[in-house]
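Chemist: Dropping a structure here in structure tokens format, bear with me for questions.
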Amino acid sequence: MLIFSLALEEPEKMGLQERSETFLEVWGNALLRPPVATFVRAQADLLAHLVPEPDRLGEQLPWLSLRALKFRERDALEAVFRFWAGGEKGPEAFPMSRLWDSRLRHYLGSRYDARRGVSDWDLRMKLHDRGAQVIHTQEFRRWRDTGVAFELRDSSAYHVPNRTLASGRLLSYRGERVAARGYWGDIATGPFVAFGIEADDESLLRTSNGQPVKTAGEITQHNVTEMLREVAAWGRCRATLGNPEEKQHAEGSLEPGTAAAPTPESFTIHFLPLDSAQTLHHKSCYNGRFQLLYVACGMVHLLSPELGACVAPGGNLIVELARYLVDMRQEQLQGFNTRVGELAQAAGFSPQAGARHSETFARFCKSPELALGNTDPAVEPRTLPLEVLAQPLEARSPSPEDLTDPLQGGTPHSEPCQPPSASPGSLSKVLALPQGALPPPNSESDSKTGV
């Protein structure tokens, strides 16, 4: 929610460069600069006030729908946003540097004193060998040591803990179940592989004397800036359509015989309850509705015939593979790929014909004859706006030494899950499972690759 609100921020309030830098820090850094931390607090305070009020949420953030969530899940979201907004004052509420070092010590064990050598080995012998040669030793080592991946200013400017990386877990501590907050995200692979190892501009990948000219951080900043530039252009086009005078001016400026640009469609992101992956197909409005299902490598265990039933015949499935998980050996990667194929086949999918070979993603297509069950024609996919359905993350239970102050909160009432309402439009639907915090077996980190 925070990243989308940042990407859709009005250009008059925040320039393109500031938006891209803010995105990189919030998304990839354990420590923030004070101006970025101020932005996070302001946005979190806004979201904390909007989440309990669906009507106000629909007015101010029309792209976001929480109507399918239960009351207790909305209350949990509100509590998260209030924590981000500074409900608990002081850096000790979330001592990110200490938590990062604790995770690193637990991960490396006896190798902690030789952590720089371990970092160089993982980078050169694993990530570089798997296609991420543009990641520079210095930036990867800095991220492993401090959690700061993108240092866009002087290093002394990064000192505010990034509370958006915090997560809460129920743990067994001295025989009792307690709620605790800590950091249990990625400390092995890094965020560079998502936007920083490929680019449309080939000059960014140029090498000199066998070494990349640009770092992964610089490539990431370029790619994110271009992505946000396209979002801004889409937003301007939408705003023009909403203003009759500007629309008439734009139509009048077209040359004779020139076709008008296609109208940008609106979209809505529907957040789903925690347990919806195995029950979504029971609702007729979801059965056989979606054209694309994306599953991150940490969420492959959710790929099932029940989830596949939500994809329309001829729809596509994209599964992220574990290529960049540095703790997985080659034979484990091959076993993981084989298992993905088995799960996809059991869910009613077959390998996509003509798809180019990729070690990063596996692509499948749902065959009509393999579709699970019969889709009621009355609830076949209708012409609706682009809808992205996202499920909250799950994660392993961490060790007690990674804990901070316990969370507080009760157990509010719940309400039945309501499917999103239909509205006119003409785009396909997307059912997306987010990057999971559960890595595959024998892995210590989450993947941060993107599509």
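The values are calculated or read from the model by the stated rules, or taken from the named source; none is laboratory data. If you're wondering where the values come from, they're calculated on a predicted model, not measured in any experiment. Reconstructed Cβ throughout: ideal geometry from the backbone, glycine too, with neighbour counts over all protein chains shown. Ligands, DNA and RNA are stripped out before the accessible areas are found, and what is left, the full protein with its side chains, is counted by its heavy atoms. Shrake-Rupley method; radii C 1.70, N 1.55, O 1.52, S 1.80 Å.
Chemist: Which of the listed residues, VAL213, VAL231, VAL40, is farthest toward the dipole's positive end in the range 1-234, when Lys, Arg count +1 and Asp, Glu count -1 at the beta-carbon?
Modeler: My answer, from the dipole projection, is VAL40.
Chemist: Taking the Cα centre of the range 1-234 as the origin, how large is its charge dipole in debye, to the nearest 20, when only Lys and Arg (+1) and Asp and Glu (-1) carry charge on their Cβ atoms?
Modeler: 1140
Chemist: Report, largest value first, the span of the C-alpha coordinates of the range 1-234 along each principal axis, in whole Å.
Modeler: Computed over the range 1-234, the largest-to-smallest principal extents equal 59, 55, 33 Å.
Chemist: From zero up to wherever the largest Cα-Cα distance of the range 276-366 sits, split into 5 Å bins and tell me the percent of pairs in each.
Modeler: 3, 15, 26, 24, 16, 10, 5, 2, 0
Chemist: Roughly how large, in nm² to one decimal, is the mean projection of the convex hull of the alpha-carbon atoms in the range 38-155?
Modeler: Averaged projected area of the range 38-155's Cα convex hull equals 11.0 nm².
Chemist: Give me the distance between the Cα centres of the range 54-70 and the range 273-328, rounded to whole Å.
Modeler: So the two Cα centres are separated by 24 Å.
Chemist: Could I ask something else about it? How many nm separate the modelled label positions at ASP120 and ARG67, each set 7 Å beyond the Cα in the direction of the Cβ?
Modeler: 5.8
Chemist: Select from VAL26, HIS49, GLY109 the residue farthest towards the positive end of the dipole of the range 2-111; place +1 on Cβ of Lys and Arg, -1 on Cβ of Asp and Glu, and compute about the Cα centre.
Modeler: So the residue we want is GLY109.
Chemist: While we're looking at this one, here's another question. Using DSSP to define loop residues, name the trypsin sites (Lys or Arg not before Pro) in the range 18-64 whose beta-carbon has at most 13 other beta-carbon atoms within 10 Å.
Modeler: Answer in residue order: no site qualifies.
Chemist: Roughly speaking, what is the stretch gain from LYS89 to ASN337, that is 0.36 nm per residue apart minus the C-alpha to C-alpha distance, in nm to one decimal?
Modeler: 84.7 nm
Chemist: To continue, here is another question. Would you kindly calculate the translational diffusion coefficient of the range 1-96, applying Stokes-Einstein with the Kirkwood radius from alpha carbon pairs, for 37 °C and a viscosity of 0.692 mPa s, and quote it in µm² s⁻¹ without decimals?
Modeler: 229
Chemist: Give me the 1.4 Å probe accessible area per residue for the range 276-366, excluding ligands and nucleic acids, in Å².
Modeler: Accessible area per residue: 39 Å².
Chemist: Quick check: pseudo-label points 7 Å beyond the Cα along Cα→Cβ at LEU205 and SER172, how many nm apart are they?
Modeler: According to this spin-label approximation, the distance is 4.9 nm.
Chemist: Let me ask something else about it. Got a sec? Charge dipole of the range 1-234, +1 on Cβ for Lys and Arg, -1 for Asp and Glu; which of LEU2, SER65, GLY90 is way out at the positive end?
Modeler: Checking the options against the dipole of the range 1-234, the answer is GLY90.
Chemist: May I ask you to order 357-368, 266-277 by the average number of other C-beta atoms within 10 Å around their residues, highest value first?
Modeler: 266-277, 357-368
Chemist: Going by average Cβ density within 10 Å per residue, which order do the peptides 4-13, 332-341 take, highest to lowest?
Modeler: Going by the mean number of other Cβ atoms within 10 Å, highest first, we get 332-341, 4-13.
Chemist: Would you compute the Debye intensity of the range 50-103 from its alpha-carbon atoms alone, equal scatterers and no solvent, and pass along log10 I(q)/I(0) at q = 0.16, 0.19, 0.26 Å⁻¹ to two decimals?
Modeler: Ignoring solvent entirely, the Cα scatterers give -0.63, -0.74, -0.98.
Chemist: Okay, next question. In debye, nearest 20, what is the charge dipole magnitude of the range 276-366 about its Cα centre with +1 on Lys and Arg Cβ and -1 on Asp and Glu Cβ, if you could check?
Modeler: Value, rounded to 20: 260 debye.
Chemist: Modelled label-to-label distance, THR279 and MET14, 7 Å Cα→beta-carbon offset: nm?
Modeler: Inter-label distance under the simple model: 3.5 nm.
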